Amino acid sequence: MSLPMLLRAAGVAAALVLLAACRIESAAPAAGPTLAREGTPSGDVWVYTSMYRHVLDALDPLLKARLPDVQVHWYQAGSEKVASRLEAERAAGAIRADLLATSDPFLYERLAREGALLRYASPNVLRVPRALVDLDARYAALRLSTMVLVHRQDGPPPPTSFAALAEGPWTGRVAIGDPLTSGTAFTWAVFCDAKYGESFFPGLRQRGAIVAGGNAAVLQKVESGEADAGVLLLENALAAQARGSPIQVVWPTDGAVVIPGPAALFATTPNPVAAKAVVDVLLSPEGQRIIVEKGDMHAVDPRLAGPRGEAGVSELLERARPWTPELLERGLTQGGAVKERFRQAFSQ
């Protein structure tokens, strides 16, 4: 069962308790320097992730303290680059990664359907809102990124919704990410394409939207005044404000787009014991607190407040558009068509 289908599933909590209690372990090969003995986390764990480098630097001491015999290695890049590297390794039949932690929900669902992921439900996943957990224990959200609107304090009145960027009364220069290269921009594009139809992208173009590339480029264009407003990750906006940027956040009235960043184990991992232990630490209250305080992202632990005074995950989900089976399927099976509609709108 996929992540959004949990909203309609019965007996979810009981199933997760059963999965967590079972702690199904995979048999590891009997030789090799990176292997762990059953029940004793040790050896090497490779994590492929899109989390920011400074967040990883903050997580390292916690992981070393909790798992002194485990050596965690990071391959850090944007979600799209991580996916490309994974595809190359899978094609070669040699996946180096033990654990995946990016912000591309569609990738996780595809890997799960292809049987590439190892079932595991960390005890800490029982706290996570059900809408963010795969009932089959193939992946679970580790962090949440959120697409919102931003504008400069000294700029014109900003748009108040995503719909207004293409079909509402607001007209002006707005910077948006490129869904052809940015994973978060693609997820936002899937949501808007599904909700507003094929006229949305041409409407963006007609009202002066600027395709800026990634989130850093969107932020730069709004800060410099080249754009009056932008569609940006909340974490980037909050970090910019903390360093004195004059930008302001606008929560869109038609719902923010929350992008889960799941964690998943590869079925090919030679060290499942240590890899599962790393997931446990990342989902622990201490690991989640680092994600909030250093990454300016929302934790999935509802006991924690959001970044820089924002509300926690429960309220965030109330302010966001819900993930549905239809949206997940759209991103998986029609993602190429969504990108092509966007490309055609902005190539004219």
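The values are calculated or read from the model by the stated rules, or taken from the named source; none is laboratory data. Source: prediction; values computed, not measured. Here the Cβ positions follow ideal geometry from the backbone for every residue, glycine too, while neighbour counts run over all protein chains shown. The protein model used for the area step is the full one, side chains on, heavy atoms only, and it has no ligands, DNA or RNA in it. Shrake-Rupley method; radii C 1.70, N 1.55, O 1.52, S 1.80 Å.
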| note | Filter the range 49-79 for residues that are crowded, with 19+ Cβ neighbours inside 10 Å and not aliphatic (A, V, I, L, M); the one that is farthest from THR181 (Cα to Cα) is THR49
| task | Provide a single number: the residues in the range 130-184 that are open to solvent by 30 Å² or more (accessible area, probe 1.4 Å), within 22 Å of GLN344 (Cβ to Cβ), touching a residue at least 40 places away in the same chain (Cβ under 8 Å) and of a type in the set (S, T, N, Q). | result | 1
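Taking the residues in the range 226-237 that are assigned to a helix (DSSP H, G or I) and farther than 18 Å from ASP154 by Cα as candidates, determine which candidate is most open to solvent (accessible area, probe 1.4 Å). Before you say what the answer is, go through the steps one by one.
The initial filter retains those residues of the range 226-237 that are assigned to a helix (DSSP H, G or I), namely 234-237.
From what is left, the residues that are farther than 18 Å from ASP154 by Cα are 234-236.
Values: LEU234: 4, GLU235: 10, ASN236: 32 Å².
This residue is ASN236.
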| Could you say which residue among LEU99, LEU67 is over 19 Å from the mean Cα position of the chain (by Cα) and at pLDDT 95 or above? | LEU67
| note | Counting only helices (runs of 4 or more DSSP H) entirely within the range 240-318, those with at least 1 residues that are among the basic types (Lys, Arg) and crowded, with 22+ Cβ neighbours inside 10 Å are 272-282
| Failed item, numbered, when ASP228 is tested on (1) modelled with pLDDT of 95 or more; (2) over 19 Å from GLY183 (Cβ atoms) | (1)
| said: Could you go through the range 208-224 and let me know if any residue there is more than 19 Å from the chain's Cα centre (by Cα) and farther than 26 Å from ASP178 by Cα. | reply: no
